Amino acid sequence: MWTELAWSPDTRTWNRIEPGKPLIRGSDEPLDYDYGCVYLCAYPVFLENEIRLYDGGSDYLHFGWRNGSLCLATLRPDGFASIEPASTGQPAMITTNSFPFSGQSLSITADVWDGGSIKADIIDTRDNVIATAKSVSTTVTNEKLLFPAEINTDEIRIRFVLENAKLYSFDCLSCKKWSACSIQNSSRVC
């Protein structure tokens, strides 16, 4: 018994992110404190530098008597889901829908492994590249994207290209995280 990650636009219709994949993986060793069941407690606790997920683990399967434990799993900020290439060695691309922009800074939260990178292009509604940020080649949390010049337009889209990396979120003052995104090419949420 485990808990999976799901989302809902209305709290009535739920969409499972990766059916069959536990959000918190239990032990494979019988009689370990979280071998049989992992039940998440009420809700996540959001702190400045982490998200805490308390859960009740049990040492055997979901029937009969078993020992229980209070457990804690942690995630990085914005760490519930990410987008990454579906295949090793293949880049993933995600492009946002257009949104209002008035020069504010843009930031991302991402994991980047050796030899990996995240490229961010600001594009207009006709797919013309307006600006390209300095490539991100290390793991970052709420890291400001650096552009060579000021971006002077009132509506933009962002195209992210990920190689050997996971993008958890992007943020700016005029948009909500992930709310304007559409997935393109061979990418998956995990």
Next on the checklist: Cβ-Cβ under 7 Å, sequence separation 6+ or interchain: first residue in the range 1-16 and surrounded by 10 or more Cβ atoms within 10 Å (Cβ to Cβ), partner among the polar types (S, T, N, Q) and outside any loop (DSSP other than H, G, I, E, B). Which pairs?
Outcome noted: Ala6/Asn15; Trp7/Asn15
Item to check | Whichever residue in the range 157-179 is surrounded by fewer than 21 Cβ atoms within 10 Å (Cβ to Cβ) and among the basic types (Lys, Arg) and, among such residues, is modelled with the highest pLDDT | outcome: Arg159
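Wholly within the range 25-136, which strands (runs of 3 or more DSSP E) include no fewer than the required count, namely at least 1 residues that are touching a residue at least 24 places away in the same chain (Cβ under 8 Å), within 30 Å of Glu150 (Cα to Cα) and open to solvent by less than 60 Å² (accessible area, probe 1.4 Å)?
Numbers: elements: 37-40, 51-58, 68-75, 83-85, 92-96, 107-123, 129-132.
The qualifying strands (runs of 3 or more DSSP E) are 83-85, 92-96, 107-123.
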Item to check | Tabulated pairs, the range 148-166, first polar (S, T, N, Q), second in a strand (DSSP E or B) and open to solvent by less than 40 Å² (accessible area, probe 1.4 Å), C-beta under 9 angstrom, 6+ apart or interchain | outcome: Thr153/Ile122; Asn164/Glu84; Asn164/Pro85; Asn164/Val112; Asn164/Gly116; Asn164/Ser117
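The values are calculated or read from the model by the stated rules, or taken from the named source; none is laboratory data. Just so we're clear, the structure is a prediction, and the values are computed from it rather than from any experiment. When we count neighbours, we look across all protein chains shown, and the Cβ atoms used for this are built from the backbone with ideal geometry, even at glycine. SASA here: full protein model, heavy atoms, side chains in, ligands and nucleic acids out. Shrake-Rupley method; radii C 1.70, N 1.55, O 1.52, S 1.80 Å.
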